[in-house]
Structures are given as C-alpha cells and as structure tokens.
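Below is one structure, written out as structure tokens; comments come after it.
The values are calculated or read from the model by the stated rules, or taken from the named source; none is laboratory data. These figures come from a predicted structure and were not determined experimentally. Heads up, the Cβs are rebuilt from the backbone with ideal geometry, glycines too, and the neighbour counts pull from every protein chain shown.
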Amino acid sequence: MEVLFALAIGVLAGSGVWLLLRPRTFQVIVGLGLLSYAVNLFIFGMGRLTIGRAPIVVAEQGIDAALHADPVPQALVLTAIVIGFATTALLLVVLLAARGLTGTDHVDGRESR
Amino acid sequence: MSLVLIVLLPFLGSLCAAFLPSNARNAEAWLALGCALACTLLTVQLYPTIAAGGVVDIVLPWLAQAGLDFHLRMDGFAWLFTLLVSLMGALVVIYARYYLSPADPVPRFFSFLLAFMGSMLGIVLSGNLIQLVVFWELTSFSSFMLIAYWYHRVDARHGARMALTMTAAGGFCLLAGVIMLGTMAGSYDLERVLAAGDIVRAHPWYPAMLGLLLLGALTKSAQFPFHFWLPHAMAAPTPVSAYLHSATMVKAGVFLLARLWPVLAGTDLWFALVCGAGLASLLIGAAAALFQRDMKGVLAYSTVSHLGLITLLLGMNSRLALVAAVFHMLNHATFKATLFMAAGIVDHETGTRDLRPLSGLARAMPITATVATVAAAAMAGVPLLNGFLSKEMFFAETMFAGEGPLLRLGLPAIATLAGAFSVAYSLRLIHQVFFGPPAGHLPRTPHEPTRWMLLPSLLLVAACLLVGIFPARTIGPLLALGVQAILGVATPAYSLVVWHGFTVPFVMSLLAFAGGISLYLLRYFLGQRATGQAPLRAPLDGRRAFDIAIVALHRIAERMVRFASSRRLQPQLFTIVCVAFAVGAIPIVARGLTRGAAPPTPVDPAYVLIWFVGCACAIGAAVQAKFHRLAALILLGGAGLYTAFTFAWFSAPDLALTQIAVEVVTLVLLLLGLRWLPRRVEIDDPDRRTRVARIRRARDLVVAVVIGAGLAALSFAMLTRSPVPGIARFFLEHALPDGGGHNVVNVILVDFRGFDTLGEITVVSIVAVTVYALLRRFRPAPESMALPRAQREAAAATELRDFDPQAPLPRGDLMVPAVLVRLLLPMAGLVAVYLLLRGHDAPGGGFVGGLVMATALITQYMVGGAMWVEWRMRVHPQYWVALGLTAAGGAGMLAWVAGRPFLTSLGADITLPMIGSVHAASVLLFDVGVYLVVIGATSLMLIALAHQSFRTPREPFARDRAEG
C-alpha cells in the first residue's frame, strides 16, 4: 500500500507541476488543485498509513495511543482543505478579472510572441 | 518623569497639530509655542539637580535580553543641549508664525517641526545608543519632510531627496558603528560605554567602528566631503533653515562626537580623520561662502565652515579644544539662527534673497539691519561679541594641536586664513544687502516687518552681546556644566574673559580682520564677478558626484532587475519549482535515501482499482486542461474523489467528509468561472507549432516527471519508517478527559489549537470578502458576454426572459429537479446541523456541516436561477460571516468572564425540560462560529460569481475593446 500511496502523490504532484508551468490560466488553476491534493496527502502520510483506527477515542476501550491514527496531520490537513478552496476561489476571480481587462487568458496578460 | 514629558510633549503636539484645520495659523503657533515653552520650563526646573552634579535618569525596561531599554538620561551636556533645542524651538515658532504666508498649509509645517523637536530632544537625552540612532533617523525624516515643504518646487524636492539620501545613508553607517561599539563595550548603555574608553581604543575593531561612526556624524553635520547637501537643503522655509540646518540638527553630528569624545578621542586615527574633515570643511566652506549669490547660500556654506571649525576642535585630542568646541556650538547657534532669520525677513519683505539686486536696505529696515550686522560681526569674530571668544580659543588651540613644524605652523596659518574668509563673507553679506545706494527694482517695496517677527532675532542678538561682554557671568556656569559632564574631574582650567592681553591669538585675529577686509575690497573692486560658484569648484563638486552616483545606482539596479527577474509568470514559477526541488534534494543527495524497516501494509485489490482510476484522472486532467476544460474539471473531481477515498481508507473520516464537500463546491466554483474564459480550439493553436514551444514543453515534462518521481521516492522512504513518537500521544490521551470530546481531530481544531482555527476562519472570511470586492468591479471580456448556446435555446423555447417571480417553480427544462431541490434544502439543513452537533464525538464538525449547508444553498441557485431564488429568500452571506466570526471570537472571550485565558474551553451540564441533561460547552459555540463562517464565505464567493451573469459591459469600454 505504501508504494501505491507514494506513487499517487508522485503522479498528482507531477501532473500539478506540469500544469503549473503551462501558459493558460485555467491550466494553472487545475494544476494548483492537483498539487494541493498531493501536498495534503503527503502531510497526511506523515502520520503513516493505518487502517480502521480512526482517531476517535472510546472511553470503554481505555485510552491507548497505539490504537489510533495520528490526529495531528489530520487536523492540519482539514483546515488546509478549506483554505485551499478559498484561495482557489480568489485565484479564479483574479484571473477572470485579468481576462476581462486584458482580453486574454494567458498568465502574463498578453500572448507570447 | 519630566524627562519623558520633555521628549513626549513635542510628539503629542505634533499629533495634535496634524489634525487642526489648514488655516489655523494662530492655534498652531500657540500649540507649538506651548510645547516648546513647556519643554524649556521643564528643563530649567531641572537646573538645581544638574548644577549639583546630578544625573537625571529614567529607564523603562523593554528588551533587556538584547540590552535594549528605553533609557532617558540627562547630565550637564544633555541639559545644555535640551535647553538650546527647546528655547530655539520657541523662538523659531514665533518667527515662523509671521514668516509663513496665509496660503501655506500650516498643520503640516508645525506638525513636522514639533516632530523634529521631539526627535532632536530624543537624540540629546538618549541614554542608550541604539535608541539614539532611532531618534537620529527620525530627525533625518522630519528634516526631509520640512525641506520638501513646498513640494511643488523642483529644488525643494531635489534638495530634500539629497538630504535624506545623505543623512539616512550616514545613519545606517552610524547604526553599524554603534552596534560594533556596543559589542566592544559590552553594552549599549551610554554610561557603560563611556566607562569603557580604554577597552574600545585598544580593540582591533576600533578603526572600522570609528570610520562608520564618523560617516554618520560627518554626513549629519554636513562635513567635507558630504557637505554638499546642506546648501541644497536651503530650499526649505527659512524657519526650518534657522532651526534645523544651523542651530540644532546639523549639530547632532558634532554633539555625538563630543558625547563620545571620552571614549573615541585620543588616538592618532581620530586626530587624522576628524581634524582632516574639519579642516577641509572649514576652508572649503568659507571660500565657497564668498562666492554665493543667494543670502541663504552664503549662510549655508558658512555653516559648513563653522561646523568644520567645531569638528577640527573636537579632533585635536585636547581637553581645552573640547571646551572651545562646546562653546562654539552654542555661539554658532545664536548668531547663525539670527542671520537666517534676518535673511528670511529680507526675503519676506523684498521678495528676493539674491545678493545682486539687494542694496541699501538699512534705510528701509534699520532694526533688521542692526540685528543682522551685530550677528554677522559675531560670526566674523569681532570683539565684545560671543563669536570672538570661541574664535580666540580656537586660534589658541591651533598652536598646540599638531606635532612637527608643518602642523605647528600650518594649522595656525590655515586657521587665520579661514578667519579672514569668514570676515570677508560676513562683510560682503552685510555691506551688499544693507548698505550702499538704495536698490532699484525689487519685487516688493522693503519695509520693517512686524515687531513679533523681529522679536526672536532681537533676543538672540541680545544673547550674543551679553555673552560677548560678560562671558563669565552669563554663559560661564552653563558651559562649565556641559564640559564637566563630558570630562568629569579631568576638566581643564580655562578663563572666559574678553581681554587676555596682547597674545598670539589676538594677533591672529587682527591678521584675519586685515586679511578679510582686504579680500573683500579686492573682490569688490575687481568687479561683481559673483558667479555663484567658487573657484576650484569643479574637482570638489560633491553634488555632481552625488548625481552621477545616484544615476549609476539606478542603472545598475535596473540591469540587475532585468537580469534576475522576469515579468512573465512561467519563468518565475519554473524557478520556484526548481529551487524548491533543489532545496529538497540537497539533503537527500548528501545523506542518501533508503527504504525504511517498518512492515508494509498489505495491498487490497479494491484500493488498487481506485488508485488506478485516481492516477488516470490526474494525468487526464493534465492533458485535457487546455482544450477540453469541462473534461479536465470532471477529471480533477475524479482525482479529488480518489483523495477523499484515500483519507477514508486510512482512518481519517473527518478528512474524507471535508474533501468530498469541498470537491463539490470547487466544482461549482470552476464551472461558474468557465463561461468567462475564451474559446480555445485544438487545431490552429500557435503555442504548439514553434520549435521553441516544443522544446519548452519537453523541458517542463522532464521537470514534472522528475519532481513527481522525487516526491514519490521521498514519500515512500518516509512511509516505510516507523513513526517517531511525537505529540500525537498527548492529544489522544487528553482529548476525552480534558477536551470532553471523543473525536480527537475535532477537539484539536476547536479546543487545543482553537487559536489556529480562529485565524484560519478569519483568513477564509477575508478571502471571501476580497472575492466579493473584486467582482464588484469585474468587467467581462465582450466576446464572452453573449449567453451560452444552451441557455439561448432554452430561453427561446420557454420565454425565460419573461421572468415571473410569482411562479411556484422556475420555468425551463429543470422543473423536476427544482421540486426535488426545494425539498432537499430542509433535509440538507438537518444533515448539516447534525454533522455540526455530533462533530465533537464523531466524524463531522463545523467545517463539514458548513460546506454541506452551502452546497444545498448553491444547488437552489443552480437549478432555480439566481433571480428566482433571491425573489423568495434574501440570502445575506456577509451577515453569516460576521455572525460566525463574532460567535467564534465570543466563545473565546467567554473564558475571560471566568477569569481564564482567551479560548479556554468552558463546559457545564444543564438540565433542559423535555430533553434532559445536556452538556453545553463553549467549544460548541466556537464550532457554530466555524460553521457559520464556512457557509457564509462559501456562498458569498459562489453567489458573487453567479451574479456576474447579469453583467453588461460598460459602453465605452466595450467599444474600445471592439475597436482595439
């Protein structure tokens, strides 16, 4: 599973970087979306992969840290997901405004020669 | 306490002055005068303490670890300067009240003048060297603002820029020097530095430190080779020139040299550098003053020369010379300020300061003429005036300063020569302006100014006379106070009497008078060749050097910017990506990357299938994003679903829920944006055809693959290692007993790390408001204004344009979904609240609940259309955001009521009728705040974007675009 998880991060990040370097604004937005998936998965992976051990403690079982996944990366990623949406919206609006003002959807506001 | 008041009062006054109406000349003047007089009185009232040899001290601890405290310290020397600054301030304020014309905006003037006074008092009273530098820079800044007071004039702007560049650059050197000095002495505290003289002088850093400190002091005091900014600063209003550029600010440099004299002086290096700069300024300033056309120009160069004299005295390594230097600082302030005021009066009453048309003004303005003549005589060093006394002391010192015959004879000779120049330019100034035949064509008819405008200069001239005639009884005790504060027990014996007998200095004075008078006569009869330029000016022209240096600096900077940066985004992103990769790769290359030893998790075929789909979606999105945006968007959603699924698979239910909900709103968001992007067709794309483009694509592909592979390898190496025991254990063990929640992730978000979450929802709110604000000004490109084809056809079929708000359902193809969506809203609301409430103990929480609710809202818009929805239900997302932030912040502040720190969670079991015992906690209120912010922010952004469909382009703009 670790191999698959790592490869998924690689594929998402690679596709994201490729799109990030493209000239059209929509490509950059999609690229940032893919890159943020990769980064979120990477941070989440810091807690290692555990199956069926959600960080929800039950008093009857007694509190044993070994029974649960690491909650810290999860808490970090949760807010990152929401903030990621907000910044995507901001970027989209900025790019739309730029397109309205410059008449092109090139990232530099004008077509390259 | 009174020390704090002395520094604080002018700043407070400055603040008040800034807010008075722009024509409140009298109110401003009274305010400024009040501040200056209050400072003077506070200073005078401290006299008994200081005279008894005491030091008034006040320390407000600040960064004690870094040796930085707010430390005000007044000894005799500081007292003397405080008195000088505040008293001069009061006189200049009176003068300025009558000098400024009714058209000048007074608040700006008095505000900065008071700010300057406060900063200058701060320099004088600083007991900490770093603090001194801060006030030092503040004086540079207020000087800049005051020189540029008439900013519509080119010379004012240019002069202000030059003064700021020079003094601020010097201030920067000073800061470096002071930090070195503080390190050498072991403290920035002035007293401890003063006590560490021997250590400092023997230290190997001494030369570098001295060089830096002198750069600061000499630029501030306009000493050669940095003197050229001072004449250009004369574009300032004359009260400013009188106050800042002759009496006080330019004295800051020599003040600092005198202040640190016990620490720094006594070495050959000090002698060479300080004496050299002083001597050069003394001569060059005096010679240049003789050739100026502008009255203020003469005075500016003579200021350079007199400050050179003071610097020279300080550099002589002699205690008697120090006494003379302090004495001359005071004398120069009195007579030079008087002369500036007189020049200002002449300018004010005749309309010009040019020496050539001016002549014979003594008839029209006898009092001004008398005042100016006496002050000029003091400047020239005529007996029975204060300038004479310090000049005699100076002459006497020059005989003993140097070693070797060259210095022993040369120094007195140069001093006498400079004295002769001084006599000549004083004579020229007075004779040309006030005597001779009456002037012909002047812009205004000259007459005496109002009495109040004359009062300050009259008082100063009286001081010149009193000090000149009764030195021992007037200035004697004050001077002794200042000198003893610097030298302590080592103060030498000196005598302040007018007549020392027929001594060598007196002979030098006589020679200087004779030389000066003959110089002037020679120049007078050789013709009025006042070119405004001194001979030998070209090789010593600091201003040209300054201009050339500035232009060169600009050019180099431009070239570097062009070399190192790009306006294009792609190279920038490419650099960022590559640098980030390199930074990540360096430790891996250095240490190697190996597989960890932890046992692998068994592979599940179902996950492999989903993994495959997810990766295919990611690559597909990358390929399709250019020409098939909708497909790319769907594929992006597929990758997002894979991510959510992965979270769910690996024990992160909260993340999975949030990711799915965010996926939905992101999809809607990008869909709304798609309409405003231009069509792009795969055939006929110029980006693909050229060879450069193909190479670039190949390069980017390699970069993307390498980064992806690197990240995958890094992730794999990390995942196969056993986890390091971190803070996870703490959260898991304390969530239930201390946080009262079973869901540890939620407890971390709303309780343990509540402050982070508060910050995050604030960011989300700000972004939402920014999106809203940006879209208010949004102008779409004209070609995307037309309705999309599907909508056009639907409109044609159902007369959608005849919008009927009363209809129970929106018309169109989506009638059945509209019914379902309306039924969905209350149920979605219920689910959202359920997720919110159970969040503390089970997967859910404010973030997910808010996103679900926002999705339900936005679905109404998508199916029913914005107009139809808003006709029925006013949605005010901005209120929700505000309410949410208030709730979250209020939940944090509840803790204050209980006397606990911000955001401490409070809880109580409450028994409600019908429901029974309920655990009410402040964290629930906090989570409700998160919930409201997420609903509000998400729907605010999406609705604002949806509203763009109602836009029409501005007419002229649309026409421009169509034509262009």
Query - Where a residue in region B:888-901 is in a helix (DSSP H, G or I) and surrounded by 10 or more Cβ atoms within 10 Å (Cβ to Cβ) and its partner, wherever it lies, is aromatic (Phe, Trp, Tyr) and modelled with pLDDT of 90 or more, with Cβ under 6 Å and at least six apart - result: B:Ala888/B:Phe926; B:Ala891/B:Phe926
Query raised in the report: When you look at B:Ile610, is it in contact (Cβ under 8 Å) with a residue 40 or more places away in the chain, surrounded by 13 or more Cβ atoms within 10 Å (Cβ to Cβ) and more than 9 Å from chain A (Cβ to nearest Cβ), yes or no?
Result: no
Report summary line: All conditions in (1) surrounded by fewer than 16 Cβ atoms within 10 Å (Cβ to Cβ); (2) facing chain B (nearest Cβ under 7 Å); (3) not basic (Lys, Arg) are true of A:Gln61 except (2)
Requested in this report: Write out, first by first residue and then by second, each pair whose Cβ atoms fall under 7 Å of each other, whose residues are 6+ apart or on separate chains, and whose first residue, in region B:545-569, is farther than 30 Å from A:Gln27 by Cα while the second is surrounded by 11 or more Cβ atoms within 10 Å (Cβ to Cβ).
Outcome: B:Phe546/B:Met162; B:Phe546/B:Phe228
Report task. Select from region B:247-295 the residues that are buried (at least 22 other Cβ atoms within 10 Å of the Cβ) and of a type in the set (D, E, K, R) and write down the one among them that is farthest from B:Ala169 (Cα to Cα). Result -> B:Arg259
Query raised in the report: If you check every pair at least six apart or on different chains, which have Cβ atoms under 6 Å apart with a residue in region B:579-596 that is more than 17 Å from B:Thr720 (Cα to Cα) first and a residue that is at pLDDT 85 or above and in a helix (DSSP H, G or I) second?
Result: B:Phe581/B:Ile707
Query raised in the report: Is it the case that some residue within region B:591-611 is hydrophobic (A, V, I, L, M, F, W, C), in a helix (DSSP H, G or I) and either on the phi > 0 side of the Ramachandran plot or in contact with a Leu (Cβ under 6 Å, 6 or more places away or on another chain) (or both)?
Result: yes
**Report entry** Output for region B:886-923, where each listed residue is under 23 Å from B:Ser765 (Cβ atoms) and out of contact with any Gly (no Cβ under 9 Å at 6 or more places or on another chain)
**Finding:** B:Met893, B:Leu894, B:Ala895, B:Trp896
**Report entry** Of residues in region B:658-669 being without any contact (Cβ under 8 Å) to a residue 60 or more places away in the chain and more than 7 Å from chain A (Cβ to nearest Cβ), the one surrounded by the fewest Cβ atoms within 10 Å (Cβ to Cβ)
**Finding:** B:Leu667
Query raised in the report: So A:Arg53 clears everything in (1) part of a helix (DSSP H, G or I); (2) facing chain B (nearest Cβ under 7 Å) except one condition, right? Which one?
Result: (1)
Report task. Considering each residue of region B:701-745, count those that are more than 7 Å from chain A (Cβ to nearest Cβ), under 30 Å from A:Gly16 (Cα atoms) and in contact (Cβ under 8 Å) with a residue 60 or more places away in the chain, and give that number. Result -> 7
Query - Members of region B:420-462 found to be within 20 Å of B:Phe327 (Cα to Cα) and surrounded by fewer than 22 Cβ atoms within 10 Å (Cβ to Cβ), listed by number - result: B:Leu459, B:Ala462
Report summary line: Over region A:63-88, the set of residues over 25 Å from B:Gly754 (Cβ atoms) and not charged (D, E, K, R) is A:Ala66, A:Leu67, A:Thr88
Report task. Among the residues of region B:853-868, write down those that are part of a helix (DSSP H, G or I), over 49 Å from the mean Cα position of the chain (by Cα) and more than 11 Å from B:Ser939 (Cβ to Cβ). Result -> B:Val863, B:Gly864, B:Trp868
Query raised in the report: among the β-branched types (Val, Ile, Thr), in contact with an Asp or Glu (Cβ under 9 Å, 6 or more places away or on another chain) and under 18 Å from B:Thr350 (Cβ atoms), is that true of B:Thr368?
Result: yes
Query raised in the report: Can you tell me which of B:Ala168, B:Ala195, B:Ala160 is in contact (Cβ under 8 Å) with a residue 40 or more places away in the chain and either surrounded by fewer than 20 Cβ atoms within 10 Å (Cβ to Cβ) or farther than 13 Å from B:Thr219 by Cβ (or both)?
Result: B:Ala160
Query - Among (1) at pLDDT 75 or above; (2) farther than 30 Å from B:Ala644 by Cα; (3) assigned to a helix (DSSP H, G or I) - the single one B:Ala795 does not satisfy - result: (1)
Query raised in the report: Out of (1) loosely packed, with under 12 Cβ neighbours inside 10 Å; (2) farther than 23 Å from A:Gly47 by Cα; (3) modelled with pLDDT under 90; (4) aliphatic (A, V, I, L, M), the odd one out for B:Leu569 is which?
Result: (1)
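For (1) under 21 Å from A:Asp105 (Cβ atoms); (2) more than 9 Å from every other protein chain (Cβ to nearest Cβ); (3) of a type in the set (Phe, Trp, Tyr), each residue gets a yes or a no:
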{"position": "B:Thr575", "(1), (2), (3)": "no, yes, no"}
{"position": "B:Ala590", "(1), (2), (3)": "no, yes, no"}
{"position": "B:Pro599", "(1), (2), (3)": "no, yes, no"}
{"position": "B:Lys626", "(1), (2), (3)": "yes, no, no"}
{"position": "B:Ala631", "(1), (2), (3)": "yes, yes, no"}
{"position": "B:Phe647", "(1), (2), (3)": "no, no, yes"}
{"position": "B:Phe650", "(1), (2), (3)": "no, no, yes"}
{"position": "B:Ala656", "(1), (2), (3)": "no, yes, no"}
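If I filter region B:748-768 for residues that are within 19 Å of B:Ser651 (Cβ to Cβ) and either within 10 Å of another protein chain (Cβ to nearest Cβ) or of a type in the set (S, T, N, Q) (or both), do I get at least one hit?
yes
Within region B:633-645, work out how many residues are under 30 Å from B:His742 (Cβ atoms) and facing chain A (nearest Cβ under 7 Å).
Looking only at that region, the number is 2.
Condition first: assigned to a helix (DSSP H, G or I) and closer than 21 Å to B:Ala944 by Cα. Can you find one or more residues in region A:63-83 that meet it?
The answer is yes, given that some residue of region A:63-83 is assigned to a helix (DSSP H, G or I) and closer than 21 Å to B:Ala944 by Cα.
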Requested in this report: Take region A:9-25 and flag every residue that is within 7 Å of another protein chain (Cβ to nearest Cβ), in a helix (DSSP H, G or I) and either surrounded by fewer than 24 Cβ atoms within 10 Å (Cβ to Cβ) or of a type in the set (Gly, Ala, Ser) (or both).
Outcome: A:Gly10, A:Ala13, A:Gly14, A:Ser15
Report summary line: How many residues of region A:26-37 are of a type in the set (A, V, I, L, M, F, W, C), without any contact (Cβ under 8 Å) to a residue 24 or more places away in the chain and either within 7 Å of chain B (Cβ to nearest Cβ) or not in a helix (DSSP H, G or I) (or both)? The answer is 2
Requested in this report: Report the residue count in region B:622-640 for those that are surrounded by fewer than 18 Cβ atoms within 10 Å (Cβ to Cβ) and of a type in the set (A, V, I, L, M, F, W, C).
Outcome: 5
